[in-house]
Amino acid sequence: DSSVCAPLPVLGQDVTVPLVTGGEVTYAALDYAASAPALQRVWDDVAAYAPYYGSVHRGAGYLSQLSTDLFENSRRTVAEFLGCRAEDQVVFTRSTTDSLNLLAAAIPADCQVFVYETEHHASLLPWRNAQVTYLNAPRTPGQAVESLERALADRDPYGPALVCVTGASNVTGELWPVKELAAAAHAHGARIVLDAAQLAPHHPVDIAELDVDWVAFSGHKLYAPFGSGVLAGRADWLQAADPYLAGGGASRKVARRADGGVDVDWHTTAARHEAGSPNVIGVYSIASACKALTEAGFDNLVAREQELVSRVREGLAEVPEVQVLSLFGDDAPRVGVISFVVRGWNSSHFAAALSAEYGIGVRDGLFCAHPLVRTLLGSDPQDPGECGAPEAEPGERSEVGVPPAEGWGRSLNAIRVSFGAGT
Ligand code: PMP
């Protein structure tokens, strides 16, 4: 309970689960950083619309027109939610991973990319075809800005450059100095994309105020269902690039040429990168979640969440065996994501016990941010042998770390508890 404001109703809040020790308990879903439960409001909006849905941009039929309106209004809602500038475009994608891969495919061929080694793999890896500079893990927000400035000062000042940074860590919950990093990038003629997958569910993200060039986020972390995401921002690179997917919807006109080939006139709107029949329900869900969060008021949501963050951290501080993981230190501002290790416990076993014996769902592992978690656990981020087994294959249980030998020992993975507007 909280004295600040009530949680927003979400799906699955009253699910009961059996315990191995007998009986059952109301499940506590505390893995919002993997996927947040959908808001009841989103579910209701989708249920009201679902009987009428049709394919968008596909004809004069009433249902297609209705869906097209909903789809394009959703684009406007997301643009408002992100405080987009008049010249920005909102492209609907499948996820943050998809959004950042789309941008990676659209950057100019000679673009230099600057990315911290601490990024989530979705922002660390898509740039593999570009010339990438990986920045070492900073230990303060100030160091993050300084190391970026140093790296940018060394670059070819005439070529295009892009900085990619996560607004809030999905491992430590810590906030990154996005506005300062954007100013540093722009001062050196570089552009910046914000991975807001973890930030947007917890904080207002204003693209113009932060002065970032692009923002990416996922519906399933923003209290909407899976399958839809957003890339919003400057149109120029996106529209100069080949379509992300080639197909219907991205092309305005297609004609056979006299020489036997095919001429294609691609759209220059967001549709250029949205080929195929779009996920209209997913997109509408994102818009519904954006409206619900705006109406609830981010000030209320942040105040409530910060109260919960303090309570969890105070509780963990009372357990001498617990070590909370942090890059920027205890006082760093953070969202409702807290990772820790427990002395004498293998993290996977600990997380399994929380679920089976207490009905508390948390995540264990390296959280798709292997170099960051390895740095936080004191492993050598450059030595895969030092860092234990890779993350589990789909369908497998995640890695089981070695029991610590003495003292704190060394965990190979961590436990993460995360929550948000529905908690
Ligand atoms: N960036 C961050 C910070 C994330 O937390 C996540 C999801 N855990 C992603 C990117 C990738 O999001 P998705 O899996 O929806 O593509």
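Side notes on the structure shown:
- Meets criteria (over 18 Å from ALA287 (Cα atoms) and in the same structural domain as ALA224 (by TED's automatic domain parsing)) for ALA105: yes
- Any hit, segment 72-95, residues being in a helix (DSSP H, G or I) and closer than 19 Å to GLY189 by Cα: no
- For segment 144-179, filtering for residues that are under 23 Å from the mean Cα position of the chain (by Cα) and either assigned to a loop (DSSP other than H, G, I, E, B) or surrounded by fewer than 17 Cβ atoms within 10 Å (Cβ to Cβ) (or both) leaves 9.
Condition check ((1) under 22 Å from ASP98 (Cα atoms); (2) away from the ligand (no atom under 15 Å from the Cβ)) across all residues:
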position	(1), (2)
ALA153	no, yes
PRO157	no, yes
ALA161	yes, yes
ALA168	yes, no
LEU175	no, no
GLU180	no, yes
GLY189	no, yes
ALA197	yes, no
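- Residues in segment 116-137 that are closer than 21 Å to PHE367 by Cβ, away from the ligand (no atom under 12 Å from the Cβ), hydrophobic (A, V, I, L, M, F, W, C) and free of Cβ contacts under 8 Å to residues at least 60 places away in the same chain: 2 in all.
- Test: residue in segment 188-204 that is of a type in the set (Lys, Arg) and part of a helix (DSSP H, G or I): no
- Test: ASP110 is away from the ligand (no atom under 16 Å from the Cβ), charged (D, E, K, R) and more than 27 Å from ASP206 (Cα to Cα): yes
- Of all residue pairs spaced 6 or more apart or on separate chains, those with beta-carbon atoms under 6 Å, a first member in segment 98-111 that is among the small types (Gly, Ala, Ser) and a second member that is assigned to a helix (DSSP H, G or I) are ALA106/TRP237; ALA106/LEU238.
- Assessment of segment 248-257 against the conditions (at negative phi, among the hydrophobic types (A, V, I, L, M, F, W, C) and within 16 Å of the ligand (Cβ to nearest atom)) yields no matching residue.
- So LEU66, is it closer than 30 Å to ALA184 by Cβ and either away from the ligand (no atom under 16 Å from the Cβ) or of a type in the set (A, V, I, L, M) (or both): no
- Hits in segment 225-259 - residues which are in a strand (DSSP E or B) and surrounded by 12 or more Cβ atoms within 10 Å (Cβ to Cβ): GLY229, VAL230, LEU231, ALA232, GLY233, ARG234, SER251, ARG252
- Residues of segment 68-83 that turn out to be touching a Phe, Trp or Tyr at 6+ places or on another chain (Cβ under 8 Å) and acidic (Asp, Glu), as a count: 0
- Filtered residues of segment 355-376 (kept if out of contact with any strand residue (DSSP E or B) (no Cβ under 8 Å at 6 or more places or on another chain) and either within 14 Å of the ligand (Cβ to nearest atom) or not assigned by TED's automatic domain parsing to the domain that holds ALA29 (or both)): CYS368, ALA369, HIS370, PRO371, LEU372
The values are calculated or read from the model by the stated rules, or taken from the named source; none is laboratory data. Quick caveat: nothing in here was measured; it's all calculated off a predicted structure. No Cβ is skipped: glycine too gets one built from the backbone with ideal geometry, and neighbour counts run over all protein chains shown.
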